[in-house]
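Notes follow once the structure below has been shown.
The values are calculated or read from the model by the stated rules, or taken from the named source; none is laboratory data. Quantities reported herein were computed from a predicted structural model and do not represent experimental measurements. Neighbour counts are summed over all protein chains in view; Cβ atoms, including those assigned to glycine, are modelled from backbone coordinates with ideal geometry.
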Number of protein chains: 4
Amino acid sequence: MSIRIGLFGAGRIGRTHAKAVSTIPGAELVAVYDPDPQATSFLVNRYGTEAASETDQLLANPSIDAVLICTPTDSHAALVEAAAHAGKAILCEKPIDLDLGRARACLQVVAERGATMAIGFQRRFDRHFRALKQRIEAGEIGDPELVQITSRDPGPPPQDYVLRSGGLFRDMMIHDFDMARFILGKEFVRVAAAGSVLVQSRIGEAGDVDTASATLATADERLCVITNSRRATYGYDQRVEVHGSKGMIAVGNPHPTAVTLADASGFRADRLVDPFMERYADAYRAEIEAFCDSVSAGKPPSPDGNDGLQALLLADAAARSLREGQSVAVEGNVR
Amino acid sequence: MSIRIGLFGAGRIGRTHAKAVSTIPGAELVAVYDPDPQATSFLVNRYGTEAASETDQLLANPSIDAVLICTPTDSHAALVEAAAHAGKAILCEKPIDLDLGRARACLQVVAERGATMAIGFQRRFDRHFRALKQRIEAGEIGDPELVQITSRDPGPPPQDYVLRSGGLFRDMMIHDFDMARFILGKEFVRVAAAGSVLVQSRIGEAGDVDTASATLATADERLCVITNSRRATYGYDQRVEVHGSKGMIAVGNPHPTAVTLADASGFRADRLVDPFMERYADAYRAEIEAFCDSVSAGKPPSPDGNDGLQALLLADAAARSLREGQSVAVEGNVR
Amino acid sequence: MSIRIGLFGAGRIGRTHAKAVSTIPGAELVAVYDPDPQATSFLVNRYGTEAASETDQLLANPSIDAVLICTPTDSHAALVEAAAHAGKAILCEKPIDLDLGRARACLQVVAERGATMAIGFQRRFDRHFRALKQRIEAGEIGDPELVQITSRDPGPPPQDYVLRSGGLFRDMMIHDFDMARFILGKEFVRVAAAGSVLVQSRIGEAGDVDTASATLATADERLCVITNSRRATYGYDQRVEVHGSKGMIAVGNPHPTAVTLADASGFRADRLVDPFMERYADAYRAEIEAFCDSVSAGKPPSPDGNDGLQALLLADAAARSLREGQSVAVEGNVR
Amino acid sequence: MSIRIGLFGAGRIGRTHAKAVSTIPGAELVAVYDPDPQATSFLVNRYGTEAASETDQLLANPSIDAVLICTPTDSHAALVEAAAHAGKAILCEKPIDLDLGRARACLQVVAERGATMAIGFQRRFDRHFRALKQRIEAGEIGDPELVQITSRDPGPPPQDYVLRSGGLFRDMMIHDFDMARFILGKEFVRVAAAGSVLVQSRIGEAGDVDTASATLATADERLCVITNSRRATYGYDQRVEVHGSKGMIAVGNPHPTAVTLADASGFRADRLVDPFMERYADAYRAEIEAFCDSVSAGKPPSPDGNDGLQALLLADAAARSLREGQSVAVEGNVR
């Protein structure tokens, strides 16, 4: 039996998800809602899905099992709650909300309704990072001690996105916070962050930073060091290395082709895949597939709402650390 | 308008093609014929296609635009001819026939009927080799002088396959001959081959070799050196390097993941992708897509029947060179 | 004319320097002093040098142009001062002294006497890091923004060394602080450090850490992130990557051989060179050569005493940051 | 006790050897002979060695234990014979003579006089190739089956060198023939060669080729495929890969530095080391050291005169194969 899916949001991520659904045998896109009729009709035409006239109409459709929430951040929490009330399984893009209290209230509703809720940290489904996680769990590097994560975007987002994003820590580094938690399987209790405006002064004018680092520690003193930048001329840079008592495991950047060219100027390999939707195309597909499997099997999905909340807690702590110029405790995690 | 496709042969390659067709918006698998009812019903169930009761029934279906020929080699030529007579576009797996005369006669029929015919050298559609070709054409290495190709299968095929295969040169190295022609865009006029039985003595008992090399020369003295083996413990090995007047360009083996593990024993990367259907999954899909595009646009496909014939000529020359212990001229190419 | 050299300390580093001197045409080792007669006679026998009976005897030798100070840290400052008074050029191993005040007083003497003084940060002379520096200066990555340094020792030092070392930041990370200053050509004004005891509990019992990170910022907000560990099963790990406005430049770990082995378990490269004297053998030689060139030409050496002091300032700041759990200003650098 | 060495030939290789001797504790350069007084006095001044007025004077010096023969090829055989008569140990650059009969006669004299004679195939002493050999002998790839060697010079030699060189097979590929014998520890019985003039037409006018391949087979059917070119814009290219029953081992090209630069044009690594004296500087030194050790210990050196002869036999067979357009038996090796 196929999982019947409704989609909120027909933008960049919504289209990526719609495409992924179309290639999964056990899933079917039955309705889409987006206030922009042009975006909606693109998906209607391409995948033969139905256009919902409003949110409630989509949620009222009893044949829909699950919804994908790909709308702007400020509508996430309300849609999650409405979907939970309507008895739908939910896959919500990160973050749940920029405000921690709002996010918590939303998860409370999800818990009360017993709704199935997954959060869209697609990197966990990337085959490279998944292999890293599995091999750490298999004990190949012994006990993990230090995680180093480098994430760099090819270029800064538009200013209106910057203004609405909640800042680099909540918008970009949140993925790395989730990755660090995923890898170690532990919570962090302290965060110290640094940040600079080096790429574009307009980002600083928006009160944000474009280059940043964060150092995190667990209760048992495992460390994680993350660096982020909104600039990478060589393409979308996403690397992780984990050091353990027996060795080191690293995920490097996959190159688009295995071609090397050598001439009088040296040896050259490809620029990296860019943008992130292409880098993570397979991961997005695997994410939807895992979500559908959870829904089919009636099993709790992973990552779930709490994973979304924990990453947000770390992002908030990092932002606070940057403001205060000192290392800060992560709210609720001082065990 | 969609290209409506009929499939002959529901074995390994047939299934790979059927899957590829299912992901191409402009293509539709409408009928399949295989004498094995189990193989047939697998595809019928999976893709909702129709089972033809015999070859002629499939070819008589006027709604079918094109056929994919994935049957055992000895049926290729007859099916190509029948399809040409039926007015279908044809994508035929290599080789057209193990016998050069039979292959030529078949292509004669194709030519007389003005049929569209592509040959299944999927490596030309692999993104790595395609990038290599494009960059050579863009002049990045200047004038190409020397091509080096390494192809190694993870393990030898079953003995019945060995016996029917026409030998390593016609079965395995034929892909490398096509790659060499593809890269240089020229014909070879001389071939010298060497071969040994080092992997399994049963292969020698079948009159074949399992380890071989061939050196080819064009009329303007460009060289190509190919090595093949039926053994590669580290996975399916497929490499090309091309030296030109300005530099070198090489395609290495893509690894399944970008993971490196370092410990007291050193640094380790993944074993290679294996088997070839997985290594070339994207290439098979791109091959079908290009074929459908040719059919839609009414344009001649590439590689075509003559490419199949030329590769066979080189394979025949290599086999003859090995028998005679000397370099041999390629029939018809002494220009 | 050859530079005539006296050596204080015939231990591990002293022997490395003595060997380097023996291969430099313009340098000659004429005397060595070490309280341990066995260590002294090893060098006397190997290089035909003279054994000084005490420090003063060596310094009183008018034929000696320059001295290399390779004794335990707590004797560095006094020897530097004595050598400065004796009119010798000085190459002193890092650090000048664990106590900042003592180091400053020592440099004051050096300045008053107008002595030539170099400090032993050999990594600046490694051909890999030198190439990185030159290419950054040539503008290949534009304006540098973020430096990431990973240094990991193969294993922890003996406990008596740990106790005398001044702690990981003054003993180990001090090299990375110097590298960061060398790369950016700027001073850092703030440091935030983190540290853990994950390798051996005895290191924690000594009041030190074995795993650490530091984040540094310049007055113009350039960032540097350093990680250190006393454990690396795969050999001595020394990497730097620098991100700039136009691109990234990185120094990876050179492997002892260019050998790759591929088998059913994947692809394997060598463990890294270990110990550091072997990794940096060429750098130590180049360091001595540059020092001799400075002495010959009467030109100020680089890195010099102030470089030693600045690195120590950063190490002190890092240790303080770790104690206080907050980012700290670097003494004297708040510009 | 030190080995006292006389040097014939103060050209490029002679100077390389003189420098190597100067860094070996157990060796001393005591005399040099070269008809060119300028070349001679360079070495006399640099290493404080004595200038012999003629060949016989050097050989008559009873304090000399061993001679290095680095003169033009046509004088090798006579010098070897004279040195053997004078009771000196001999390290002769390859080849012994371009004429096989002359080389054999020379080795006959060496054998009759019981002289110690080594031949200068320095690649056997390169640490990368030595590691490859050791690991094959340790069984890491099982039974070797196929050797692939790529050697490419950065550019063609001057025309007078081409004319005197004996041709690409005797001058350049002879090193690869020796490498193949070294790796497999077996003799080859058949050779098939191909060759082209693609780099410079003047090379063809001299009756030589500048691009070539050779395929060799042992009596037990192990294969070796070699490619050579007089052109490599990316530097001196020297690679070997060996396939065995259990796996593959390869030596890639070491890059001068471990630096990678990434920018909008992709990822770049250094051009290769060039020229060969720099690529093999350590190997030349290790070669001299091993030769001195043999002389000291009174043990037969390796590679020896017969290794020189066998490589020449293969070069002759390759040249003959190219002329005749067929695979040829190697003289004396049809076992």
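Just a few scattered comments:
- If you go through the range B:176-232 and pick out every residue that is away from chain D (no Cβ under 12 Å) and charged (D, E, K, R), you end up with 8.
- Taken over the range A:221-248, the residue count meeting the criterion of being among the charged types (D, E, K, R) and within 20 Å of C:A232 (Cα to Cα) is 5.
- Filtered residues of the range D:176-209 (kept if touching a residue at least 24 places away in the same chain (Cβ under 8 Å), in a helix (DSSP H, G or I) and either in contact with a Leu (Cβ under 6 Å, 6 or more places away or on another chain) or of a type in the set (S, T, N, Q) (or both)): D:F177
Every residue, every condition in (1) buried (at least 24 other Cβ atoms within 10 Å of the Cβ); (2) among the basic types (K, R); (3) under 18 Å from the mean Cα position of the chain (by Cα); (4) within 29 Å of B:G332 (Cβ to Cβ), yes or no:
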| position | (1), (2), (3), (4) |
| --- | --- |
| B:L168 | yes, no, yes, yes |
| B:M172 | no, no, yes, yes |
| B:A192 | yes, no, no, yes |
| B:I203 | no, no, no, no |
| B:T215 | yes, no, no, yes |
| B:S229 | yes, no, yes, no |
| B:K246 | no, yes, no, no |
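- Inside the range B:211-249, residues that are on the phi > 0 side of the Ramachandran plot and of a type in the set (K, R) make up a count of 0.
- Being among the basic types (K, R), over 17 Å from B:F267 (Cβ atoms), crowded, with 22+ Cβ neighbours inside 10 Å and at pLDDT 95 or above is not true of C:R320.
- Any hit, the range D:237-254, residues being touching a strand residue (DSSP E or B) at 6+ places or on another chain (Cβ under 9 Å), of a type in the set (S, T, Y) and closer than 27 Å to B:A192 by Cα: yes
- The combined condition, being polar (S, T, N, Q) and within 12 Å of another protein chain (Cβ to nearest Cβ), is not fulfilled by D:Q108.
- Within the range D:33-56, the set of residues being in contact with a Phe, Trp or Tyr (Cβ under 8 Å, 6 or more places away or on another chain) and of a type in the set (A, V, I, L, M) comprises D:A51, D:A52.
- Set B:L107, B:L98: member being in contact (Cβ under 8 Å) with a residue 40 or more places away in the chain, assigned by TED's automatic domain parsing to the domain that holds B:A10 and farther than 25 Å from B:A39 by Cβ: B:L107
- Residue satisfying all of: in the range B:268-299; within 21 Å of B:R181 (Cβ to Cβ) and among the hydrophobic types (A, V, I, L, M, F, W, C); modelled with the lowest pLDDT among these: B:F276
- All positions within the range A:261-274 that are at the interface with chain B (Cβ under 7 Å from one of its Cβ atoms) and crowded, with 21+ Cβ neighbours inside 10 Å: A:L261, A:A262
- Among the candidates A:I149, A:I136, the residue that is β-branched (V, I, T), part of a helix (DSSP H, G or I) and either at pLDDT 95 or above or under 13 Å from the mean Cα position of the chain (by Cα) (or both) is uniquely A:I136.
- Beta carbons closer than 8 Å, at least 6 apart along the sequence or on distinct chains, pair a first residue in the range A:19-32 that is within 11 Å of chain B (Cβ to nearest Cβ) with a second that is among the charged types (D, E, K, R) and in a helix (DSSP H, G or I) for A:T23/A:R285.
- Among residues of the range A:8-23, those that are surrounded by fewer than 16 Cβ atoms within 10 Å (Cβ to Cβ) and of a type outside the set (V, I, T), counted: 2
- For the range A:238-260, the candidate set comprises residues that are polar (S, T, N, Q) and within 9 Å of chain B (Cβ to nearest Cβ); within that set, the residue that is nearest to A:A180 (Cα to Cα) is A:N253.
- Residue in the range D:47-66 that is outside the structural domain of D:I174 (by TED's automatic domain parsing) and under 20 Å from the mean Cα position of the chain (by Cα) present: yes
- Residues of the range C:152-175 satisfying the condition of being within 14 Å of chain A (Cβ to nearest Cβ) and part of a helix (DSSP H, G or I): C:L168, C:M173
- Check on A:S302, assigned by TED's automatic domain parsing to the domain that holds A:M172 and modelled with pLDDT of 95 or more: no
- The range B:78-90, residues that are of a type in the set (A, V, I, L, M, F, W, C) and over 22 Å from B:T16 (Cβ atoms): B:A78, B:A82, B:A84, B:A86
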